[in-house]
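Please read the structure below before turning to the comments.
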Amino acid sequence: MGCWKRCPLVLASRRQSIAFMEDLLELDKDTQSCTIATFCEEPRAAYNRVRLTSYFETLNPDALSLSGDYDPTGRTSWFDESGVELHLNACVTELDTEAKVVRCGNGEPVPYDVAVLATGSIPFVPPIPGAGGGDDAPRPGVFVYRTIEDLQAMRDYQEEHNVGAAAVIGGGLLGLEAAKALQDLGCETSIIEFADTLMCRQIDKGGHDALAGKIEDMGLHVMCGARTSSFVGADDADPSSPVAALSFSNEDWDDLKVGMVVVSAGIKPRDELARAADMTVGARGGVVVDDNMATSDPSVWAIGEVAAHENFVYGLVAPGYDQAKVAASRIHESVTGAVAEHAPTFTGADLSTKLKLLGVDVASFGENQPHPDDADVSNLVWNDPLSGVYRKLIFNKAGDKRSEEHTSELQSP
């Protein structure tokens, strides 16, 4: 493939990587000093995972694409028009930081001057007995919710086995979206959450009560405080038999009979390339980066869900875009030698969340529950079950200071 001069290499074609490439191309439009190559292990270029559930509305990947319609090979015209070399179905197996090359299986090594890790995350599957079907494969009927192929596999399995009842393990943002996807497939769907509330990182108990009530009004079942003890197969002596039920350790809880289970219990940063290259990773995973998104290797940057900044991995879209802009600016400096005025840095991000979830507007700003030792707290709660509105603001006891870090709101459309 030959050696490119001044070649930023982007490992993984995801939302943040598209944003990074757009930012770098804009910075480099006059000098055209950079040649970009990007690797994507999926059969199509980057798409919007936040809107995965909407795939069932059209079954058309173009509706999710971040760079235009796909051609039959999974490419879009944006890459050719932008001069970006796109490698599809290309899983990078090694980042050789000494030789400054990447390797994909047995393919020819590809050299780089600068590499950007935008590998994102993978679903976390709790170690619940019975989930696997042998050889690390999931039991038939057990799925994760991460890619278009995952959704297509769910749809095919439901049709092939005429599944009427399903469950989602995980009551966070993606778990609730996965539950809606299963309901759209015609399944009676239960949401299984270990915590006592849905979306426990975003809303408090009052917000949970309002949200859970609306979700159940839609025909979904909410089971919080659930201690899932095992996946039960149709023939439980055979680990490769299809899933037939979930078993719980909760006292007096019966098995939940289901024909499909989607696991959406969180994410893990895809930092295996960095680990193998002896780069510094965080205590809880993720590639450690500084305020410039630079890693412990001087030629490697990291952005998005794989980056650990101040020992924190941001799972939201907006911080990833901010990180992409910072990395593009710093890398353009390193490649061209031109120092930008007012170069951005990443010092943290707003964790506020606002979205329409299952038809319900949900907004959360910062922590939803103050520390129990904080004595200077006064709550203002608006709870109108008739109109379906729940709002909570937190002030100091004097009432002259509002803490915007403790605000949550949930209401009907």
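The values are calculated or read from the model by the stated rules, or taken from the named source; none is laboratory data. Remember, predicted model here, so these are calculated numbers, not experimental data. Ideal geometry is used to build each Cβ from the backbone, glycine not excepted, and the neighbour counts take in all protein chains shown. The protein model used for the area step is the full one, side chains on, heavy atoms only, and it has no ligands, DNA or RNA in it. Shrake-Rupley method; radii C 1.70, N 1.55, O 1.52, S 1.80 Å.
Tabulated data
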{"item": "Estimated dipole of the chain in Debye, rounded to 20 [Cβ of Lys and Arg +1, of Asp and Glu -1, Cα centre]", "result": "420"}
{"item": "Range of Cα positions in the range 41-199 per principal axis (Å), largest first", "result": "51, 35, 32"}
{"item": "Highest-first arrangement of 331-338, 189-196, where packing means the average Cβ count within 10 Å", "result": "189-196, 331-338"}
{"item": "The range 85-176: radius of gyration over Cα atoms, expressed as a fraction of 2.2 N^0.38 Å", "result": "1.47"}
{"item": "Long pairs among Lys180/Lys268; Lys214/Lys392; Lys180/Lys392, criterion Cα-Cα beyond 20 Å", "result": "Lys180/Lys268; Lys180/Lys392"}
{"item": "Rounded to the nearest 10 Å², the accessible area of Glu108 at probe 1.4 Å", "result": "110"}
{"item": "Where Leu27, Leu64 fall by accessible area, highest first, once all protein chains stay in place (1.4 Å)", "result": "Leu27, Leu64"}
{"item": "Two-decimal ratio, the range 32-73, of alpha-carbon radius of gyration to 2.2 N^0.38 Å", "result": "1.39"}
{"item": "Difference of contour (0.36 nm per residue) and Cα-Cα distance, Gln152 to Ala234", "result": "27.2 nm"}
{"item": "Phi to ³J(HN,Hα) by Karplus 6.51 cos²θ - 1.76 cosθ + 1.60 over the range 162-177, Hz, x for Gly, Pro", "result": "6, 5, x, 10, 9, 9, 10, 8, x, x, x, 4, 5, x, 5, 5"}
{"item": "Calculated log₁₀ intensity ratio I(q)/I(0) where the Debye formula runs over C-alpha points of the range 221-347, q = 0.12, 0.16 Å⁻¹", "result": "-0.65, -0.81"}
{"item": "Added length on full extension, which subtracts the Cα-Cα distance from 0.36 nm per residue, Glu41 to Asn89", "result": "16.8 nm"}
{"item": "Ala167 long-range amide H proximity, modeled H, under 5 Å", "result": "Ser190, Met260, Val261, Val262"}
{"item": "Ranked order, Thr97, Thr58 - accessible area, probe 1.4 Å, largest first", "result": "Thr58, Thr97"}
{"item": "Residue-wise HN-Hα coupling along the range 257-271, computed from phi with Karplus coefficients 6.51, -1.76, 1.60 (Hz; x: Gly, Pro)", "result": "6, 9, x, 8, 9, 10, 9, 9, 9, x, 10, 10, x, 8, 9"}
{"item": "Helix 317-336 vs. the chain, principal-axis angle (Cα, 0 to 90°, nearest 10)", "result": "10"}
{"item": "By average C-beta atoms within 10 angstrom, highest first, the peptides 298-311, 212-225", "result": "298-311, 212-225"}
{"item": "Separation between Cα centres of the range 72-98 and the range 242-307, rounded to whole Å", "result": "24"}
{"item": "Evaluated over the range 139-223, the Cα radius of gyration and Dmax, each in Å", "result": "13.1, 40"}
{"item": "Tilt relative to the chain, helix 15-27 - C-alpha long axis, 0 to 90 degrees, to 10", "result": "30"}
{"item": "Partners for Lys100 among lysines (Cα-Cα distance below 18 Å; same-chain residues under 8 apart left out)", "result": "Lys5"}
{"item": "R0 of 35 Å, Cβ-Cβ distance Arg201-Ala343: FRET efficiency to nearest 0.05", "result": "0.65"}
{"item": "Ratio of the Cα radius of gyration of the chain to 2.2 N^0.38 Å, where N counts its residues", "result": "1.06"}
{"item": "Highest-first arrangement of 313-319, 377-383, 289-295, where packing means the average Cβ count within 10 Å", "result": "289-295, 313-319, 377-383"}
{"item": "Amide N proximity, the range 216-254 versus Leu358 label position 7 Å along Cα-to-Cβ, cut-off under 16 Å", "result": "216-226"}
{"item": "Angle between the chain longest axis and helix 148-161 axis [Cα atoms, degrees, rounded to 10]", "result": "40"}
{"item": "HN-Hα J in Hz across the range 188-201 - Karplus 6.51, -1.76, 1.60, θ = phi - 60°, x for Gly and Pro", "result": "6, 10, 10, 9, 9, 10, 5, 6, 7, 9, 6, 6, 5, 7"}
{"item": "Accessible area per residue in Å² at 1.4 Å probe, computed on the chain", "result": "47"}
